[in-house]
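These notes concern the structure reproduced below.
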Amino acid sequence: AQCCEHLNRALIIEREAAEKFGYEPVCVRPRPKAGGSFATAAYENMRDPVAVEHVRAAAGLDIGCTLIGMHLKEVAVPLRLGTKT
């Protein structure tokens, strides 16, 4: 789950995934008005959540009309699916 700009668009993931892929956790915890409701809900429903600032994902799903390009590998092919906004 991607946080909002108040937390520099950090990602909330399970600690196990952060360790597996070598992502360095940062010391933040999202809140509804400082990090975003989606990231807060994800944080509260994970077993052992951490926030990470930098990842280089091979794929991602962009929901909510917020770009996730900063978290993808340098060469990525965007796929635009139909949306209802």
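Relative contact order of segment 7-66: what whole-number percent is it, with Cα pairs under 8 angstrom and at least 6 residues apart?
Across segment 7-66, relative contact order equals 45 percent.
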When the Karplus curve 6.51 cos²θ - 1.76 cosθ + 1.60 is applied with θ = phi - 60°, which whole-Hz ³J(HN,Hα) does each residue of segment 21-30 get, with x for Gly and Pro? 9, x, 8, 7, x, 10, 8, 9, 9, x
If you take the C-alpha gyration tensor of the chain, multiply each eigenvalue by 5 and take the square root, what semi-axes do you get, largest first, in whole Å? 21, 17, 11
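Dividing the Cα convex hull volume of segment 5-54 by residue count, how many Å³ per residue is that?
With only Cα atoms used, segment 5-54 gives 59 Å³ per residue.
If you place +1 on the Cβ of every Lys and Arg and -1 on the Cβ of every Asp and Glu, how big does the dipole about the Cα centre of the chain come out, in debye to the nearest 20?
Charge dipole of the chain: 260 debye, to the nearest 20.
Values quoted throughout were computed directly from the atomic coordinates according to the rules given, and no laboratory measurement underlies them. Every value quoted in this text rests on a predicted model; they were computed, and no experiment measured them. Heads up, the Cβs are rebuilt from the backbone with ideal geometry, glycines too, and the neighbour counts pull from every protein chain shown.
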